[in-house]
Amino acid sequence: SVGICGSDLHSYKDGRIGDNVLESPLTLGHEFGGIIEAIGDDPMGGDFKPLEPGMRVAVDPAQPCWRCEMCEQGHPNLCHHLHFCGSYPDEGSLVQWMHMPARTCFQIPDHIDNAGAALLEPLGIAVHAVDLAKIKVANSVAILGAGCIGLSILQMAKLSGAQPIFISDKFPWRLKVAEKLGGIPINCDEVDPVDAVLRATGGHGVDVAIEAAWADHSVQQSAEMVRLGGRLVIVGISENDSLVMKHSTVRRKGLTIRIARRMKHTYPRSIQLLSSGAVDLNCLVSHRFPLEQAPEAFAMNEAYENEVVKAIIDVTS
């Protein structure tokens, strides 16, 4: 199974994501898992255990070199020579067979289904974002964007002990999921989310804001929601490759700002969280399509039709 991500939609709609421009046709897809058909000379998987044919695995789409300065310093997500599935020029996972380094493959237990294997990738992004946010018990948190990553961040913030957790979005069906997961929903089409958060916190703002909406205005809104000396983590990707916020806002508040670049070695933790039932990813899956209906799946996501949260494409059906 392969999940459709917001970054896939950037490439699908615009032929680019940031300054990465598609110069020729490209197979998209980077949220995926599969079954091992054959093993090369080095069978060691990402969890440092040997892989075997027939194993079900989740696959990290990032392929760092493991030899550059950033990799050596423990930042493989910043690798100088990084390859990433579905990011030009590297082909993606909307295919029936792929050739991947064993180190990117992580065995999953039988009770994690194919959709869950695919959604370990956005869960890993959420784990990394919350790591960057340094959330402490009873910290107040605001999340902008209730898509798959925003809803995964909500679950991670809750596990970290955050309380209260506000989450804003313009789609009521996504906010219903957020409320079921323990978030305080804010419909940003009905109220000003900044005013709503400030009123709820006595004018102080939240300890942490996490921007996961990839909307140009949401970065500034995030900064306005955070208290003096608070923390802001930016996860979303701007449509026009710009980062817009008032310098006076972040300067006067003395904010700590972190930008999430994909994830680090989060798959083992993500698998443990999902396997134990600590997080629920099935509640995020709203639609499933066979591979031959991928165009319809992308069109539905682009238009936000049919109350879509996360669409999964089954490449084996």
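Residues in the stretch 180-215 that are over 16 Å from Gly147 (Cβ atoms) and of a type in the set (D, E, K, R): how many?
Summing the residues that are over 16 Å from Gly147 (Cβ atoms) and of a type in the set (D, E, K, R) in the stretch 180-215 gives 5.
Starting from residues that are small (Gly, Ala, Ser) and within 17 Å of the chain's Cα centre (by Cα), keep the ones in the stretch 69-122 and report whichever is surrounded by the most Cβ atoms within 10 Å (Cβ to Cβ).
Ala118
Considering Val233, Val177, which residue is touching a strand residue (DSSP E or B) at 6+ places or on another chain (Cβ under 7 Å) and either under 27 Å from Leu9 (Cα atoms) or not assigned by TED's automatic domain parsing to the domain that holds Tyr12 (or both)? Lay out the reasoning, then the answer.
On the way: Val177 fails: touching a strand residue (DSSP E or B) at 6+ places or on another chain (Cβ under 7 Å).
Result: Val233 is the single residue among Val233, Val177 that is touching a strand residue (DSSP E or B) at 6+ places or on another chain (Cβ under 7 Å) and either under 27 Å from Leu9 (Cα atoms) or not assigned by TED's automatic domain parsing to the domain that holds Tyr12 (or both).
Check off (1) of a type in the set (Asp, Glu); (2) within 30 Å of Leu232 (Cα to Cα); (3) touching a residue at least 60 places away in the same chain (Cβ under 8 Å) for Glu91 and give me the number that stays unchecked.
That leaves (2) as the condition not met.
Among the residues in the stretch 26-46, are any among the aliphatic types (A, V, I, L, M), touching a Ser or Thr at 6+ places or on another chain (Cβ under 9 Å) and within 25 Å of Ser238 (Cβ to Cβ)?
Yes, because at least one residue in the stretch 26-46 is among the aliphatic types (A, V, I, L, M), touching a Ser or Thr at 6+ places or on another chain (Cβ under 9 Å) and within 25 Å of Ser238 (Cβ to Cβ).
Within the stretch 69-79, work out how many residues are in a loop (DSSP other than H, G, I, E, B) and touching a helix residue (DSSP H, G or I) at 6+ places or on another chain (Cβ under 6 Å). Spell out how you get there, then give the answer.
Start the filter on the stretch 69-79 by keeping residues that are in a loop (DSSP other than H, G, I, E, B), which leaves 73-75, 79.
So of that shortlist, the ones also touching a helix residue (DSSP H, G or I) at 6+ places or on another chain (Cβ under 6 Å) come out as 79.
Result for the stretch 69-79: 1.
Pick from Ser248, Ser222, Ser242: which is among the polar types (S, T, N, Q) and buried (at least 24 other Cβ atoms within 10 Å of the Cβ)?
Criteria check complete, one pass: Ser222.
Out of everything in the stretch 144-197 that is part of a loop (DSSP other than H, G, I, E, B) and among the hydrophobic types (A, V, I, L, M, F, W, C), what residue ends up being surrounded by the fewest Cβ atoms within 10 Å (Cβ to Cβ)?
So, considering only residues that are part of a loop (DSSP other than H, G, I, E, B) and among the hydrophobic types (A, V, I, L, M, F, W, C), the one surrounded by the fewest Cβ atoms within 10 Å (Cβ to Cβ) is Val191.
Between Gly230, Gly254, Gly182, Gly202, which is within 16 Å of Ser160 (Cβ to Cβ) and over 20 Å from the mean Cα position of the chain (by Cα)?
The match here is Gly230.
Here's a check for you: in the stretch 253-291, which residue that is out of contact with any His (no Cβ under 9 Å at 6 or more places or on another chain), surrounded by 14 or more Cβ atoms within 10 Å (Cβ to Cβ) and in a loop (DSSP other than H, G, I, E, B) is modelled with the lowest pLDDT?
Selected residue: His265.
Of the conditions (1) outside any loop (DSSP other than H, G, I, E, B); (2) under 19 Å from Ser7 (Cα atoms), Val250 fails just one. Which one is it?
(2)
List the number of the failed condition for Lys134; all other conditions in (1) touching a Lys or Arg at 6+ places or on another chain (Cβ under 7 Å); (2) surrounded by 19 or more Cβ atoms within 10 Å (Cβ to Cβ); (3) charged (D, E, K, R) hold.
Condition not satisfied by Lys134: (2).
Can you tell me which residue is surrounded by the most Cβ atoms within 10 Å (Cβ to Cβ) among those in the stretch 15-49 that are touching a strand residue (DSSP E or B) at 6+ places or on another chain (Cβ under 9 Å) and not in a loop (DSSP other than H, G, I, E, B)?
Among those that are touching a strand residue (DSSP E or B) at 6+ places or on another chain (Cβ under 9 Å) and not in a loop (DSSP other than H, G, I, E, B), it is Glu31.
The values are calculated or read from the model by the stated rules, or taken from the named source; none is laboratory data. Only a predicted model underlies this, so the values are computations on that prediction, with no experimental measurement involved. Cβ sites come from the backbone with ideal geometry, for glycine too, and all protein chains shown count toward neighbours.
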